[in-house]
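All remarks here apply to the structure that follows.
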Amino acid sequence: MIRLIFRATFGLAALGLSVSALAAEPANTGFDDKFRQLEEMLPTPTTIRTASGAPGAAYWQQRADYRIRATLDESRRTLTGLETITYHNNSPDALSYLWVQLDQNIYKPNSDARMTSTVPSREAWANAKDADAGLKFEGLRSTLAGPAFEGGFNIGAVKDGSGRPLHYVINRTMMRIDLPQPLKAGGRVAFSIEWNYKINEQKVLGGRAGYEQFDDKNDLFEIAQWFPRMAAYYDTYGWQHKQFLGSGEFTLEFGDYDVQITVPADHIVASTGELQNPGDVLTATQRDRLRQAKTAKTPVIIVTQLEAEAAEKVRSTASKTWHFKAKNVRDFAFASSRKFIWDAQGFKKDSTDVMAMSYYPKEGNPLWEKYSTQAIIHTIDQYNKYSFDYPYPTAISVNGPVGGMEYPMISFNGPRPVKDKKTGAITYSKRSKYGLIGVVIHEVGHNYFPMIVNSDERQWTWMDEGLNSFVQYLAEQAWEENYPQSRGEPRAITSYMRSRDQVPIMTNSESVVQFGFNAYAKPTTALIVLRETVLGRELFDFAFREYAQRWKFKRPTPSDFFRTMEDASGTDLDWFWRGWFYTIDNVDVSIDGITEMNVSTKNPDVEKAWQRAQRDAQPVSITDQRNKGTPRRVDAHPELKDFYNANDDFTVTNKDRNKYNESVGELEDWQKALLAQGKHLYLVDFSNIGGLVTPLVLEVTLASGKKTIERIPAEVWRYNSKKITKLIVTDEPMTGLTQDPYWETADTDTSNNSWPRKVMPSRVELFKSRPAGGEDMMSDYNTKLKPAGEKPAE
Ligand SMILES: [Zn+2]
């Protein structure tokens, strides 16, 4: 046992020396400095983006204002528009051409998105073990319908402010407009584009917008990426004109919008912005209900289900034009249908003054009337706490074909109850209920990230999805106790963190594999670990809010986030960003071994008795066990025994005692006191198997049953990121030690977290063996034929 060897060398005079030796750097082979600074990877700070992570004195961004007139042709399912863009060049650069995004071109039969799509492997479909892995009816329908659909923009005239045609070139989902003269720094240019396109059937072709056809033959249109939009131009990237392949979303400039939408006269339109002409498009009753809703305590119905059901039964041939204006938004979307039920409730708090509104077909009830608008207000109330006051006048949730998608002031959300085809009974699953509340929180939450904190979505999905999913997690916690959250909790990410099919979070959107885990769940968990385990809530919340405040209505990059979190919390977090965002390491700390040490008293009567007890505690050798009862010569001839037969090596001599008394006399009082303290010293070896450095959270169990928690910062790994030894001092013997007792660090293997090791309870299912002989074709052949179409008994 190590303790014996240790006591032999751990003498009185050496006490101080030995303790300092423990604190020295342990030997470190294959050094990998997980704490080296990120400057080698982050862009050099500038006066545009400072080293503290804030926008600098020279910060600039472009601006694009839009004036759009559009008409929805319901029967042909097309949208036709004319827009004028006024582009403000706030950059210090002269621009000889402008890039415009044509997102609808993803629906062209030969789009890059279509041509570059792959399946996981040849085996994936052939050997699919369940429906999730295999080819589905919907999948094959979509694959076949895609090339047959004549989607994409038809671009008509492109003209300058004086009506002269401008030269342009279309590169798949991007269009370059060549300017006759370069647009100087500080200048602006206005130009117009005529366009039209066929709207996709969302349930067949997918997408972030589209129409849905109902059994009653009415359509519900959710319209987005519907007009040519300015590509972003900014300091660290230049033009962001990476092609739209489907995953990387939209990188856009802020501006003011003036939009007129012409739709069938019996449609209700939900839209980004504020309605300018309620007198033209709403009834007096609807306007009156809207006024009541402004100060109501619960949602007020503006269009009732009965009114919507009546509207479904007729089709107006007339049209109406809805006029909306929106200030300082980066995009614009709308929805239109005669099927819409509409409810609304005002919410006013601090500088927020918003009308929360939900639009849904009867198929959404009873879920939607109960939860949607309430969830919008809850989102704004919660997100305001962690970022900034919601600045827009409306916040909308629309139920339609799109499962969940965000735009400024408006979001499209999918969950609905189900109707039993036979009985007509309407029920909903727990998953649909919390799926609806969760998706409304998520999509309305996107107003903050990235609609206002305007990160480059085409480049970094985590900057909007990750940050937003994190605040969504906090908002869901505030909805009800034990809210069934699908992501966030560190323990929920561990199987992904262990998996091989991974790329770092800092990977371009289009190259991300395991999208939900990589771009949503992992950054969410990282921020929860940062908040609860690394920084603590006070430091974290201040820093996170500072980031949101600094970058609202501006465009942050990853380094601006990393630097602001460090700058405002006063903590070097480079190790954290490096591990969680730039690698696929995981947290797996193992307690490898523990040595108990007690300071030697040097008193020979105490020490030799202790040494004897240690010897006696050793197992009896197998030879000695089997020799028991063997006749011995000294037993037959007792005269052979002497002093050494009566005394063992641990007998205390007077010489020992004299030496002890002399040395005690030489001790200083503080040295005597230290000897008398009776502390228990434990040397604990930890190894970092997962590679990701982590704070240690140690739960120490003492002999009396008392438990204490020690929180040790991640810097404990700075000299050696693979193996460390830590000294733990206790007042009474330690009987147990657990690393990460609350599963807060995302440790991927908790079986090595405890000393002594814990037995892991589990269950194994027993299965019957398959009958020998396989299928009986002879018997199947003789089975009586049933009439075609007869349904199996349920
Ligand atoms: Zn999202």
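I want to check the label-to-label distance for F149 and A609. Put each point 7 Å from Cα in the C-beta direction and report it in nm to one decimal.
8.7 nm
What is the list of residues in region 353-383 whose amide nitrogen lies under 19 Å from a point 7 angstrom out from the Cα of I426, following Cα to Cβ?
The answer is 358-375, whose backbone nitrogens lie closer than 19 Å to the label point.
Over the residues of region 659-755, compute the C-alpha Rg and express it relative to 2.2 N^0.38 Å. Walk me through the numbers before you get to the answer.
On the way: Rg = 17.5 Å, N = 97, 2.2 N^0.38 = 12.5 Å.
Here the Cα radius of gyration is 1.40 times the empirical estimate.
Let me cross-check F31: its accessible surface, 1.4 Å probe, with only protein heavy atoms counted, in Å² to the nearest 10?
Estimated to the nearest 10 Å², F31 gives 120 Å².
DSSP loop (so not H, G, I, E, B), at most 15 other Cβ within 10 Å: list which trypsin sites (Lys or Arg not before Pro) in region 185-240 pass both filters.
When the trypsin sites (Lys or Arg not before Pro) of region 185-240 are filtered for loop state and at most 15 Cβ neighbours within 10 Å, K217 remain.
For region 598-715, what Kirkwood radius comes out of the mean inverse Cα-Cα distance, in Å?
Working: mean 1/r = 0.0498 Å⁻¹.
Over region 598-715, the inverse of the mean reciprocal pair distance is 20.1 Å.
Could you name the lysines in cross-link range of K723, using Cα to Cα under 24 Å and dropping any fewer than eight places away on the same chain?
K34, K758
Order the following by accessible area, largest value first: E566, E489. Probe radius 1.4 Å; ligands, DNA and RNA are ignored.
E489, E566
So if I average 1/r over every pair of distinct C-alpha atoms in region 280-338 and take the inverse, what Kirkwood radius in Å does that give? Before the final figure, lay out each step's value.
Working: mean 1/r = 0.0706 Å⁻¹.
The Cα-based Kirkwood calculation yields 14.2 Å.
Given R₀ = 51 Å, what would the calculated FRET efficiency be for L306 paired with T236, taking r from the Cβ atoms and rounding to 0.05?
Efficiency computed from Cβ-Cβ geometry: 0.40.
Under 18 Å Cα-Cα from K297, which aspartates and glutamates qualify once same-chain neighbours fewer than 8 residues away are excluded?
Correct list for K297: D288, D343, D350, D353, E369, D381.
Leaving out ligands and nucleic acids, and using a 1.4 Å probe, what accessible area per residue does the chain come to in Å²?
Counting only protein heavy atoms, the per-residue value for the chain is 50 Å².
Within the P(r) computed for region 455-562, what percentage of the Cα pairs occupies the region above 21 Å?
37 percent
Efficiency by 1/(1 + (r/R0)^6): what FRET value for R537 and Q37, r their Cβ-Cβ distance, R0 = 22 Å, to the nearest 0.05?
Computed FRET efficiency for R537 and Q37 comes out at 0.25.
So if we plug the beta-carbon distance of Q625 and I728 into 1/(1 + (r/R0)^6) with R0 = 56 Å, what FRET efficiency do we get, rounded to 0.05?
The value I calculate is 0.90.
Enter the angle in degrees (range 0 to 90, nearest 10) between the Cα long axis of helix 137-148 and the first principal axis of the Cα atoms of the chain, meaning the one along which they spread out most.
50 degrees
Note down the magnitude of the dipole of the chain about its Cα centre, charges +1 on Lys and Arg C-beta and -1 on Asp and Glu C-beta and zero elsewhere, to the nearest 20 debye. Mind showing how you got there, number by number?
Details: 97 positive and 102 negative charges, 259 e Å.
Around 1240 debye, computed over the chain.
Nothing charged except the Cβ atoms of Lys and Arg (+1) and of Asp and Glu (-1): what's the magnitude of the dipole of region 571-708 about its Cα centre? Round to the nearest 20 debye.
Dipole about the Cα centre, nearest 20: 640 debye.
What translational diffusion coefficient, in µm²/s and rounded to a whole number, does the Stokes-Einstein relation yield for region 434-513 at 37 °C and a viscosity of 0.692 mPa s, taking the hydrodynamic radius as the Kirkwood radius over Cα pairs?
Diffusion coefficient, whole number: 237 µm²/s.
Can you tell which of V634, I377, A318 lies farthest toward the positive end of the dipole of the chain, using +1 and -1 charges on the Cβ of basic and acidic side chains (Lys, Arg; Asp, Glu)?
A318
Let me have the relative contact order for the chain, percent, based on Cα pairs under 8 Å that are six or more residues apart.
11 percent
May I ask you to order 157-164, 536-543, 641-648 by the average number of other C-beta atoms within 10 Å around their residues, highest value first?
Put in order of decreasing packing, that is 536-543, 157-164, 641-648.
Do the sum for the chain: with -39,500 (n - 2.57) for every DSSP H run of n ≥ 4, divided by all residues, what is the mean residue ellipticity at 222 nm, to the nearest 500 deg cm²/dmol? Could you put the intermediate results ahead of the total?
Values: 24 runs with 215 residues, N = 794.
For the chain, the value works out to -7500 deg cm²/dmol.
Within the set K294/K554; K327/K552; K203/K433, which residue pairs have Cα atoms separated by over 24 Å?
K294/K554
What full-extension length gain, to one decimal in nm, is calculated for R287 and R632 as 0.36 nm per residue of separation minus the Cα-Cα distance?
Full extension of this stretch gives 113.0 nm more.
What does the C-alpha gyration tensor say about the overall shape of region 232-340? Classify as rounded when a/c is under 1.5, otherwise prolate if a/b is larger than b/c, or oblate. If you can, show how the numbers build up before the last one.
Numbers: a/c = 2.44, a/b = 1.94, b/c = 1.26.
Since a/c reaches 1.5 and a/b is larger than b/c, the shape of region 232-340 is classed as prolate.
Keeping all protein chains in position, work out how much accessible area F153 exposes to a 1.4 Å probe, and write it in Å² to the nearest 10.
Approximately 10 Å² for this residue.
Whenever you get a sec, compute what percent of the accessible area on the chain sits on carbon and sulfur atoms (1.4 Å probe).
So the carbon and sulfur contribution to the accessible surface is 53 percent.
Taking 0.36 nm per residue of sequence separation and subtracting the Cα-Cα distance, how much length would be gained by fully extending the chain between T653 and M506, in nm to one decimal? Intermediate values should be presented prior to the final figure.
Values: separation 147, 0.36 × 147 = 52.92 nm, distance 7.02 nm.
Using 0.36 nm per residue and subtracting the Cα-Cα distance, I get 45.9 nm.
Could you give the alpha-carbon Rg of region 403-464 over 2.2 N^0.38 Å, rounded to two decimals?
1.46
Distance from the Cα centre of region 256-320 to that of region 560-634, in angstrom?
71 Å
Give the angle, between 0 and 90 degrees and rounded to the nearest 10, that separates the Cα long axis of helix 467-477 from the longest principal axis of the Cα atoms of the chain.
Once rounded, one gets 80 degrees.
Sort 685-691, 509-515, 665-671 by the packing proxy (mean of other Cβ within 10 Å over each peptide's residues), most packed first.
Per-residue mean Cβ counts within 10 Å order the peptides as 685-691, 509-515, 665-671.
Given region 50-142, what whole percent of its Cα pairs are spread farther than 16 Å?
Numbers: 3332 of 4278 pairs.
Summing the P(r) of region 50-142 above 16 Å gives 78 percent of all pairs.
Taking Rh as the Kirkwood radius computed over C-alpha pairs, what is the Stokes-Einstein D of the chain at 10 °C in a medium of viscosity 1.306 mPa s, expressed in µm² per second?
In µm²/s, the coefficient is 50.
In region 377-425, which trypsin sites (Lys or Arg not before Pro) fall in coil by DSSP and have 11 or fewer other Cβ atoms within 10 Å?
Answer by residue number: K421, K422.
Size of the dipole of region 631-761 about the Cα centre, Lys and Arg at +1 and Asp and Glu at -1 on the beta carbon, nothing else charged, in debye to 20?
260 debye
For the chain, find the longest principal axis of its Cα atoms and tell me its angle to the long axis of helix 367-386, 0 to 90°, nearest 10.
The angle comes out near 60 degrees.
Restricting things to Cα coordinates, could you compute the convex hull volume per residue of region 141-226 in Å³?
140 Å³
For a quick check: with amide H placed at 1.01 Å from N, whose amide H comes under 5 Å from L737's, ignoring anything fewer than 5 positions away on the same chain?
Hits under the 5 Å cutoff: T701, W755.
Hey, rough spin-label estimate for D350 and W743, points 7 angstrom out along Cα→Cβ, what's it come to in nanometres?
3.4 nm
Skipping prolines and chain starts, which residues have an amide H placed within reach, meaning under 5 Å, of the one on L166, given they are 5 or more residues away or on another chain?
V158, K159, D160
Scattering from the C-alpha atoms of region 355-505 alone, worked out with Debye: what is log10 I(q)/I(0) at q = 0.09, 0.16, 0.20 1/Å?
Results for region 355-505 at q = 0.09, 0.16, 0.20 Å⁻¹ read -0.31, -0.90, -1.25.
Relative contact order of region 424-474, please, whole-number percent, based on alpha carbon pairs below 8 angstrom and at least 6 residues apart.
35 percent
Which whole-Hz couplings ³J(HN,Hα) result when phi for each residue of region 70-81 is put into the Karplus expression 6.51 cos²θ - 1.76 cosθ + 1.60, θ = phi - 60°, listed in order with x for Gly and Pro?
9, 10, 8, 9, 5, 6, 8, 6, 10, 10, 10, x
For K628, go through the aspartates and glutamates and keep the ones whose alpha-carbon is under 18 Å away, minus same-chain ones fewer than eight residues off.
D616
Tell me, what is the percent relative contact order of region 519-658, built from C-alpha pairs under 8 Å that lie six or more residues apart?
That works out to 19 percent.
Could you let me know the centre-to-centre spacing of region 35-52 and region 521-542, using Cα atoms, in angstrom?
Going from one Cα centre to the other spans 22 Å.
The values are calculated or read from the model by the stated rules, or taken from the named source; none is laboratory data. These numbers come from a predicted model, not from an experiment. Heads up, the Cβs are rebuilt from the backbone with ideal geometry, glycines too, and the neighbour counts pull from every protein chain shown. For the accessible areas, the whole protein counts, side chains as well, though only heavy atoms, and no ligand, DNA or RNA atoms are used. Shrake-Rupley method; radii C 1.70, N 1.55, O 1.52, S 1.80 Å.
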